[in-house]
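Written below as structure tokens is the structure these notes are about.
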Amino acid sequence: MSEARDPEGEPQGPRLPGIAYPLLALVFGGILVWSFSRVLLAVSKDMAVVIAILMAANILVGAALVAYGRRVRGRPVAFPFLMAAGAIVVAGGLVSAVAFGDRAPGERAEGGGGETVSLAAQNIAFDTTSLTLTAGANVTMIFDNRDAGTPHNVVITRDEAGTDFIFQGAEVDGPAKATYTFTAPPPGSYFFHCMFHPTQMKGTVTATAGPPPSGSPPPGGGPPPGAIPLEAKNIAFDKTELTAPSGGQVTIHFSNQDPQTPHNFSIYTDESATTPIFQGPNVTGPGSTDYTFAAPEPGEYFFRCDIHPTIMTGTITFTG
């Protein structure tokens, strides 16, 4: 029996029923999409953009070749390369899913260092009611929800009532894993619970003193002598009027109590904020730092948070 050939003389492979081709394409496309999504979720945001662009370029080139004509589509040598590429994507997706779990976008740890803790939920209960963290550390929490069809999450608060939030993790529908990242609070005792089952699933968090994070004041528990305290909480400064002596160095002990929210302290000659006197680096809460700068000439000046310049403002008076 002679081999079937297309109108241009190229050999054709065995034929399948017509309905099989779209079904196979749908199944194979779904596998590729799922696998590729696991790869993107397993890498950093910047790397995900690069990988996505390269994949899009490959798809465009492949589509152009397929559209070129039967001679390109019918080349038998192309088939192994296509299968190998698909297998690589699927293998990468499986490895990423096993290594990092099914997580929501944005729950990937972006940097190294810090510490990792694990917490599991099963039978509407956490596997432990006590967690210990290093104060100020970048924490990666591997959360494993083993309750099928039941949502859980992890919320860390300053108060036992569960209203003063430090961190709130995304909902995880079991069985599934998620990776949470956050900054551990200052030394002290805190509380954690599941927002869906707050009375049954709860525990305590102990933050122990450790090496201070970059930008934090030296150990000792408070501002240096003579420092002017200023606190940011609920997207507002606790003081809108400050007084400091001129003619020397001034230190502002700045404490940011807003979890996962950056603030800073900057001084300008007036409310137009066009001429800066001092601009402090950002501090992501909860955290604190000491801003030290040379005091300007006596007079009244304008200060603000550069991240929230319309709602976090005040005046500082330098006396002669």
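State all residues of region 163-199 that are outside any strand (DSSP E or B), more than 12 Å from N153 (Cβ to Cβ) and at pLDDT below 90; if no residue qualifies, say none.
Correct list: T163, D164, A184, P185, P186, P187.
Could you list, in sequence order, the residues of region 200-214 that are assigned to a strand (DSSP E or B) and modelled with pLDDT of 90 or more?
K202, G203, T204, V205
The values are calculated or read from the model by the stated rules, or taken from the named source; none is laboratory data. Being a predicted model, the structure only gives us computed values, none of them experimental. Note that each Cβ is placed from the backbone with ideal geometry, even for glycine, and that neighbours are counted across all protein chains shown.
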